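The values are calculated or read from the model by the stated rules, or taken from the named source; none is laboratory data. In this text, all values refer to a predicted model and were calculated from it rather than measured experimentally. Cβ placement follows ideal geometry from the backbone for every residue including glycine, while neighbour counts extend to all protein chains displayed.
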Amino acid sequence: MGDITLQTKIAQIMSDYPELGQTLLELSPAFAKLQNPVLRKTVARVTSVQQAAAIAGLDPAHMLTMLRKAAGLEPMAAGTHNNAESESLLNMPAPEWFSEEAVEIKFNASKVLEQGNVPMGEILDAVKKISGKEIFLFETPFVPAPIIEILNNKGYAVWCRKAGATIENFVIKK
């Protein structure tokens with residue numbers, strides 16, 4: 001059985017410690033979606049504890065402590081948490097490239113998630129259609145940290161803002 005850190009993927013935790021599924025549910029109802037086998041095989045494979053905490057609106061250090069305790073692991077030493085990454089993506093000011101008028105493609109990923117499906121493929125296909133200064137907007141019920149990381153790695157810039165109960169995620173080609 002492996003260690004649990006902020007970088008450990010949720011799928012690895014569920015594989016090593018299947019009993020922690022209940023702990024995740026107790027931490028946040030947002031983790032109920034992990035009961036869906038498709039989400040468990042896709043999103044959970046690329047989502048770290050750090051990212052899952054952001055999605056659920058939890059303090060990453062608290063989530064890590066609770067998971068380690070439930071797994072029977074020693075607490076992490078103070079100061080070993082990566083707090084720089086735990087800053088919310090929602091606290092970032094609008095980037096210079098952002099313009100409402102430049103939004104060319106819109107996608108409501110919340111509807112796909114409500115149906116129990118994973119919108120990642122549709123989002124990755126949609127961003128391929130933007131060019132120049134065009135912006136792609138996709139809406140989610142939470143900050144989609146794993147998708148943002150994938151987009152950043154593929155050469156896109158992403159900016160998120162809260163709009164009521166929805167998170168608006170704006171994407172542009174770097």
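For LYS41, which of the numbered conditions (1) buried (at least 17 other Cβ atoms within 10 Å of the Cβ); (2) at pLDDT below 90 fails to hold?
Failing condition for LYS41: (1).
What number of residues within region 63-75 satisfy the criterion of being assigned to a helix (DSSP H, G or I) and in contact (Cβ under 8 Å) with a residue 24 or more places away in the chain?
Residues in region 63-75 being assigned to a helix (DSSP H, G or I) and in contact (Cβ under 8 Å) with a residue 24 or more places away in the chain: 6 in total.
When you scan region 29-41, do you find a residue that is charged (D, E, K, R), in contact (Cβ under 8 Å) with a residue 24 or more places away in the chain, closer than 27 Å to LEU124 by Cβ and touching a strand residue (DSSP E or B) at 6+ places or on another chain (Cβ under 9 Å), even just one? Please lay out each step first, then the result.
In the first step, residues of region 29-41 are kept if they are charged (D, E, K, R); the result is 33, 40-41.
So of that shortlist, the ones also in contact (Cβ under 8 Å) with a residue 24 or more places away in the chain come out as 33, 40-41.
Filter once more, so that each one left must be closer than 27 Å to LEU124 by Cβ: 33, 40-41.
If we keep only those that are touching a strand residue (DSSP E or B) at 6+ places or on another chain (Cβ under 9 Å) too, we end up with none.
Looking through region 29-41, none of the residues is charged (D, E, K, R), in contact (Cβ under 8 Å) with a residue 24 or more places away in the chain, closer than 27 Å to LEU124 by Cβ and touching a strand residue (DSSP E or B) at 6+ places or on another chain (Cβ under 9 Å).
Do any residues in region 130-155 that are touching a residue at least 40 places away in the same chain (Cβ under 8 Å) have Cβ atoms under 7 Å from those of residues that are of a type in the set (Gly, Ala, Ser), where the two are at least six apart or on different chains, and which pairs are they?
Close Cβ pairs satisfying both conditions: PHE142/ALA30; VAL143/ALA54; ALA145/ALA54.
Can you tell me how many residues in region 54-70 are closer than 17 Å to THR8 by Cβ and modelled with pLDDT under 85?
Narrowing region 54-70 to residues closer than 17 Å to THR8 by Cβ: 54-56, 58-70.
In the following step, the residues that additionally are modelled with pLDDT under 85 were identified as 54-56, 58-62.
Summing the residues that are closer than 17 Å to THR8 by Cβ and modelled with pLDDT under 85 in region 54-70 gives 8.
For LYS33, state whether it is among the basic types (Lys, Arg) and under 17 Å from VAL143 (Cα atoms).
Working: among the basic types (Lys, Arg): yes; under 17 Å from VAL143 (Cα atoms): yes.
For LYS33, the condition - among the basic types (Lys, Arg) and under 17 Å from VAL143 (Cα atoms) - is met.
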